[in-house]
Amino acid sequence: MQKKSTADVVKGAVKTFVGFLVLTAGAGVVESALAPFGEMFQVAFNMQGIIPNNEAIVALALTKYGTVTALIMLTGMISNIVIARFTKFKYIFLTGHITLYLSCMVAVILSVMGFTSGPLILLGGLVVGIVMTLSPAIVQPFMRQLTGNDNVALGHFGAVGYALSGYVGKVFGNKEKSTEDINFPKGLGFLRDSTVSIAITMAFIYVIVAIFTGGAYIRENLSGGTNHIIFALQQAGSFAAGVFVILAGVRLILAEIVPAFKGISEKLVPNAKPALDCPVIFPYAPNAVLIGFFSSFLGGILSMIIMIFTGGVIILPGVVPHFFCGATAGVIGNASGGLRGAVLGSFIQGMLISFLPMLLLPVLGDLGFAGSTFSDTDFAISGLFLGVLGKMGGKTLVVAGIFAVLAIMIGLTLTSKERKKTVEVN
């Protein structure tokens, strides 16, 4: 679209392609390192309940809803481009795997309500397109504050939690005291290296949980006979390695995709911004990544304790969502409110991704009893929106609600244009 040379196009495409693969590989390493931790935690503390995990619940759902999920995803991506083109919300959502997860959830919910065939695909695609456009917009004010520009948006369906973290940091924090200004004693200066500090911290946590789980269980069920302490150290090292790989992928992607996106911005969707996966902001505050993870996980533990004493469904802390969502909330909270903002913002976000998934369960039909559920805030809020409308007025109210949201987006766009004209005239 920018009429660059073939060499520039090939180089940019290949480096971006490789960057996404590197980022995905790093995320896979992190998830693999965290997977045994969830099981160890349940065994160590004798907890049974539902674990929010997008990958697990989607894997179950796709066996029944695979085809319609794919078609809704395709329709959703087209809707995202059209909505971005004709409204003030100029965000193109580029995080493919969680677009698949959202499409799957929408397919399940609308199917449970009785939608089938064409209406299911078209309405589902419109819902996905709306969420893909609005989600980055919600958190963009804090992204501008974090990055110092308006070039990149956040494409991850935890935006409500991240925006809440940013707001909490703004109200209760002090951005002059950043997580990145933490002064370690001279002898502990090596902890300034994020890879080293992450590996050591995770090793400490993993070893404690491994001790409580018991060596026999870990050797027989998780480590393939490896000593439980050695296994814990290996998983901690793998976690740190995964984060390192993620950051390398982020650097590759940003170096190419932001300049290349100028073409889309100028030709297809004027002034569009690419919405990228949450690890894209990790390099801005590596200390906040770890602090946000721990604070979010503590929020999940407190939420679990509250659920135990109040009865009903118990949502166990899902380590994967608490890492990715908690870390992102920590970075956003730090940008608006420093260390205090990172801690408080990600802690509240951790409670949010515990209670919202619990409320979502009844909306998912039989899938709500599968032992897992969707984790991030935007999944729960969009799912509850559809579920509540369906319960109140059936399919008619669901359709009306979807188009009402679209009408509001168009109305805000027209109002914004009128305001801009008035300012120009004055």
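Things worth noting here:
- Multiplying the residue separation of I78 and K420 by 0.36 nm and subtracting their alpha-carbon distance yields 120.3 nm.
- Cα-projected label distance for T195 with K15, points at 7 Å along beta-carbon direction, nm: 2.1
- Subtracting the Cα-Cα distance of I229 and F355 from their residue separation scaled by 0.36 nm leaves 42.0 nm.
- When the pairs K4/K273; K11/K273; K4/K420; K90/K421; K175/K417 are compared against a 24 Å limit on Cα-Cα distance, K4/K420; K175/K417 fall above it.
- Apolar share of the accessible surface for the chain: 67 percent from carbon plus sulfur atoms, 1.4 Å probe.
- Cβ-derived FRET efficiency at R0 56 Å, N149 paired with N221, nearest 0.05: 0.70
- Take the Cα radius of gyration of the chain and divide it by 2.2 N^0.38 Å, N being the number of residues; the result is 1.00.
- A compact globular protein would have a Cα radius of gyration near 2.2 N^0.38 Å; the ratio found for region 269-348 is 1.27.
- Convex hull projection area averaged over all views, region 98-188, Cα basis, nm²: 9.2
- Proximity of backbone amide H atoms, modeled 1.01 Å from N, is registered between A272 and S265 at under 5 Å, excluding neighbours fewer than 5 places apart on the same chain.
- A cut-off under 12 angstrom between Cβ atoms defines the neighbours of F157, and their net charge, with Lys, Arg +1 and Asp, Glu -1, is -3.
- Accessible area (Å², per residue) of region 6-424, counting only protein heavy atoms and a probe of 1.4 Å: 43
- For the residues Q349, Q140, Q42, a GNM of the chain with alpha-carbon springs under 10 Å puts the largest fluctuation on Q42.
- Computed helical MRE - 222 nm, the chain, DSSP H runs ≥ 4 contributing -39500 (n - 2.57), nearest 500: -27000 deg cm²/dmol
- Note on region 31-138: percent of Cα-Cα distances in each 5 Å bin, starting at 0 and stopping at the bin with the largest distance, equals 2, 12, 20, 17, 15, 12, 10, 7, 4, 1, 0.
- T6 versus N271: modelled label distance in nm, points set 7 Å from Cα along the beta carbon direction: 3.7
- Contour minus Cα-Cα distance for E180 and F86 (0.36 nm per residue): 29.8 nm
The values are calculated or read from the model by the stated rules, or taken from the named source; none is laboratory data. On a predicted model such as this, the values are computed, not experimentally measured, just so you know. Glycine also receives a Cβ, built like all others from the backbone with ideal geometry; neighbour counts cover every protein chain displayed. The protein model used for the area step is the full one, side chains on, heavy atoms only, and it has no ligands, DNA or RNA in it. Shrake-Rupley method; radii C 1.70, N 1.55, O 1.52, S 1.80 Å.
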